[in-house]
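This report refers to the structure that appears directly beneath it.
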Amino acid sequence: MAGSVQPMAGSSQPPTAAGSGGPDGGSLAGGGEAAFGDRSLSQALSVVVGLALCVTMLGLGCAVELGQLGQQLRRPVGLLLALLGQFVAMPLLAFLLALIFALDEVAAVAVLLCGCCPGGNLSNLMSVLVDGDMNLSIIMTASSTLLALFLMPLCLWVYSRHWINTALVQLLPLGAVSLTLGSTLLPIGLGVLIRYRHPRAADLLVKISLWSLLVTVVILFILTGTMLGPDLMAHIPASVYAIAVLMPLAGYALGYGLATVFKMPPHCRRTVSLETGCQNVQLCTAILKLTFPPELIGSMYMFPLLYVLFQSAEAGLFVLIYKMYGGDSYKQDTLGEEEDTDISYKKLKEEEVADASYGTVIREEHNSLQMEVTQTAL
């Protein structure tokens, strides 16, 4: 079985049919050709991917409130950060990593596709754990998802020019990518409607969508391992693992730096950091499975699954460090703000009483009243 899966890096040959041993096609280990020929298994994987994407988009829509959208339209900071983070910083980062590690066109397209995806719902959960700005997190995720309809195909077209002479890039289904993105509008719109009509049901669906991320990853690993063979992980080049580790980590750093440039408060910086590094992996896997020819999916399909593992692990480490060293300072800052508010309120009440005292009535002997004029300091 060894040698049946060829490395993804360092090759420039055109894609070959499954099982032919072509490196770019990610030849399928352990009877992978037969596995792809098994329609029932392939259809099961397609159903899981499609359902996972629908649940994710439905949960995203349920997290959005129309009032928040109106506020963001009047002050579109979240929209601007989503644009810069998800469609400027991350696609450029993916392109540079693909060049630095000299990936072939199959691996490069997988990395670019993941880098061009909008934000994922994992960032919403992590933002809660680091005392971030939940409204900003949800608006950034929703904004990047809507912007992806136009900007994701554009970014893929721009950054794939380096590999344009390869057969895979010439087959890059930008129309199918756009169609898949457009199909996400229906569950998002349904989620927004549920939030408007039934807020409690929307809260439940948001929780379900967050937990579905973990369940989906486990199921996809099982099905993919069955289709491509148990030795696939061992044959994936070290460069692909390195990118899966570095890409979300660099995304978190870029997001924090971007929020610092905008002079945002610390809790908003943490939110933008997580939003930038967390990609919508369900969308990435759906595009790979539903739009590319099956014989090319072998070596490409594993990268988003690896990415979500390291993305979650690094975000969890981020949360752990914050809980150990940053949580107390955040509570003190919040308490300090409340104390400042109380002191200011007391001073304001005293000033209001002083301003209202144009004179003081003094009672003296013989039951006489005398008005003593006092001067009020303004």
When the solvent-accessible surface of protein heavy atoms is calculated with a 1.4 angstrom probe, in what order do TRP163, TRP211, TRP157 fall, highest first? TRP211, TRP157, TRP163
Stretched fully, the stretch from LEU193 through LEU317 gains (0.36 nm per residue minus C-alpha distance, one decimal, in nm) 41.1 nm
Give me the net charge for the shell around ILE208: Cβ to Cβ below 15 angstrom, other residues only, Lys and Arg +1, Asp and Glu -1. +2
What's the FRET efficiency of LEU149 with MET324 using the Cβ-Cβ distance as r and R₀ = 30 Å, to the nearest 0.05? 0.15
Sort LEU112, LEU93 from largest to smallest accessible area, using a 1.4 Å probe on the heavy atoms of the protein chains. LEU93, LEU112
Note down the net charge around ARG269, summing +1 for each Lys or Arg and -1 for each Asp or Glu among other residues with Cβ under 12 Å from its Cβ. -1
Rounded to the nearest whole Å², what accessible area per residue is found for region 43-191 with the 1.4 Å probe? 38 Å²
Tally Lys and Arg at +1 and Asp and Glu at -1 over the other residues with C-beta under 12 Å from the C-beta of GLY251: what net charge comes out? -2
Hey, with R₀ at 56 Å, roughly what FRET efficiency would MET134 and ALA102 work out to, going by the Cβ-Cβ distance, to 0.05? 0.85
Give me the compactness ratio for region 99-250, meaning the Cα radius of gyration over 2.2 N^0.38 Å. 1.21
What relative contact order, as a whole-number percentage, does region 86-211 give when Cα pairs under 8 Å and 6 or more residues apart are counted? 25 percent
Just how much of CYS54 is accessible, in Å², when a 1.4 Å probe is used and the result is rounded to the nearest 10? 70 Å²
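The values are calculated or read from the model by the stated rules, or taken from the named source; none is laboratory data. If you're wondering where the values come from, they're calculated on a predicted model, not measured in any experiment. In this analysis, Cβ positions are derived from the backbone assuming ideal geometry, glycine residues included, and neighbour counts consider all displayed protein chains. Ligands, DNA and RNA are stripped out before the accessible areas are found, and what is left, the full protein with its side chains, is counted by its heavy atoms. Shrake-Rupley method; radii C 1.70, N 1.55, O 1.52, S 1.80 Å.
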